[in-house]
Amino acid sequence: MEKLKEWFKINFSKVYILDGVLWRNYLSVLGIVSSIVTLISFLGTAQNMEINVIYIVIVFIAILVLIFIYMWWRANQQKYVRLRINNTEIRIQEGNIFELLEMESKDRRGEISIIGVNDYYDTIVDDRIIAKKTLHGQYIERIINAGKLEQLEQVIETDEMINREGNYAEDTERTRGRKRRYSIGSLVEFEAYVLAAFTKFDENNRAFLTAEEYIEFWMRFWNNIDEVYAGRTINIPLMGAGITRFKNGKPSKQELLEIMLWSLRISGFHNTYADKQINIIIYKTDINDIDFYHIQHNRSFG
């Protein structure tokens with residue numbers, strides 16, 4: 001019995017049996033099936049009509065039940081979404097943006113990948129300022145191993161976009177790390193990667209955000225990415241799903257994704273150049289926390 005409960009939890013826990021979206025889609029299929037059956041009955045010969053009516057009804061009901069169970073199971077198992085927002089193709093799928101870090105720059109032409117960093121754009125990976133296991137930490141370590149840290153820091157110091165007046169403040173009292181603090185949503189590109197100032201640091205170098213600042217980040221992000229993407233495909237991880245601290249309670253991963261998509265829609269940003277798109281990468285460990293079915297059928301994103 002316990003194994004059965006565990007199996008049911010794994011396969012049917014995201015979308016419940018009485019879910020309104022599921023039933024609306026099922027009734028649409030039911031209408032098509034009923035039309036086909038009616039047509040077959042209408043075209044049937046008199047001899048065919050002599051078949052036991054009760055038998056036909058039982059078979060028909062069984063088929064409808066199996067169709068529903070299959071649709072219910074598929075809804076819970078869905079791990080991929082394709083949407084069109086602002087006439088831009090959006091693909092949400094399982095993946096690992098770290099794999100993109102292994103690619104050479106020449107192999108990443110036509111696309112850029114987003115790396116969330118703190119608002120100082122720090123480059124010290126010591127598990128105090130930057131944690132090694134974060135995307136930010138792993139990116140900086142690869143830059144160090146490639147002997148390009150000085151180049152990256154030079155780009156951060158001189159990039160006109162993030163260093164424009166009003167986009168930063170000097171923190172002269174900070175003892176370790178960089179002293180220039182940038183507005184969240186700021187972007188700087190380095191070798192097909194765009195570093196986005198995502199989290200704020202407190203006096204103890206702890207990254208944090210509020211839900212309001214998360215929304216603010218995305219609104220600034222879509223505005224700023226419009227200046228740098230140059231018609232390339234954009235790869236974005238699910239920002240905030242990791243160790244980021246949220247004040248007053250952390251949104252669920254589903255809510256983080258929905259905020260991201262909602263902000264994209266109202267921002268008006270679009271990437272319609274040739275076959276380019278926006279890929280939202282969901283790590284395997286986060287897949288079970290995302291209800292892809294309701295994202296796919298959410299009319300607010302369509």
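Every read-out reported here was derived from the displayed coordinates using simple, explicitly stated rules and does not represent laboratory data. All values reported here derive from a predicted model rather than from experimental measurement. Because the Cβ atoms are built from the backbone with ideal geometry, glycine has one as well, and the counts that use them run over all protein chains shown.
Which of the peptides 212-223, 282-293 is most tightly packed, and how do the rest follow, going by the mean number of other Cβ atoms within 10 Å of each residue? Before the final figure, lay out the partial values.
Values: 212-223: 18.9, 282-293: 17.3.
Top to bottom by mean Cβ count within 10 Å: 212-223, 282-293.
For the Cα atoms of the chain, what angle does the longest principal axis make with the long axis of helix 211-228, in degrees from 0 to 90, nearest 10?
Rounded to the nearest ten degrees, it is 80.
Quick check: from the Cα gyration tensor, does the chain come out rounded (a/c under 1.5), prolate or oblate?
Working: a/c = 2.95, a/b = 2.40, b/c = 1.23.
Verdict is prolate for the chain.
Among I54, F8, I162, which residue has its Cα positioned farthest towards the positive end of the charge dipole of the chain, with +1 placed on the Cβ of Lys and Arg, -1 on the Cβ of Asp and Glu, and the dipole taken about the Cα centre?
Of the candidates, I54 comes out farthest on the positive side.
What is the angle, in °, between the Cα long axis of helix 2-12 and the longest principal axis of the Cα atoms in the chain? Nearest 10 is fine, range 0 to 90.
Once rounded, the angle reads 80 degrees.
I need to check one value: relative contact order of the chain, counting alpha carbon pairs closer than 8 Å and at least 6 residues apart, in percent.
Details: 399 pairs, mean separation 74.4, N = 302.
In percent, rounded to a whole number, it is 25.
Would you mind counting up the charge near F292? Only other residues with Cβ under 14 Å from its Cβ, with Lys and Arg at +1 and Asp and Glu at -1.
On the way: positive: K14, R74, K79, R82, R91, K253, K284; negative: D19, E94, E258, D286, D289, D291.
The answer is +1.
Note down the net charge around F208, summing +1 for each Lys or Arg and -1 for each Asp or Glu among other residues with Cβ under 12 Å from its Cβ. Kindly include the intermediate steps, with their values, before the conclusion.
Working: positive: K200, R206, R245, K247, K250; negative: D119, D202, E203, E213.
Net charge in that neighbourhood comes out at +1.
Taking only the Cα atoms of the stretch 59-209, how large is their convex hull per residue, in Å³?
Values: hull volume 28.3 nm³, N = 151.
In the stretch 59-209, the Cα hull volume divided by residue count equals 187 Å³.
For each pair in K179/K247; K148/K276; K9/K253; K253/K284; K200/K250; K14/K79, compute the distance between the two Cα atoms and list the pairs where it is over 21 Å. Walk me through the numbers before you get to the answer.
Details: K179/K247 24 Å; K148/K276 29 Å; K9/K253 19 Å; K253/K284 13 Å; K200/K250 15 Å; K14/K79 12 Å.
With Cα atoms farther than 21 Å apart: K179/K247; K148/K276.
Return one number: the angle in degrees, 0 to 90 and rounded to the nearest 10, between the long axis of the Cα atoms of helix 135-145 and the longest principal axis of the Cα atoms of the chain.
Between helix and principal axis, roughly 50 degrees.
Using +1 on the beta carbon of Lys and Arg, -1 on that of Asp and Glu, and nothing else charged, what's the dipole of the chain about the Cα centre, debye to 20? Let's see the in-between values first.
Details: 37 positive and 40 negative charges, 169 e Å.
That gives a dipole near 820 debye.
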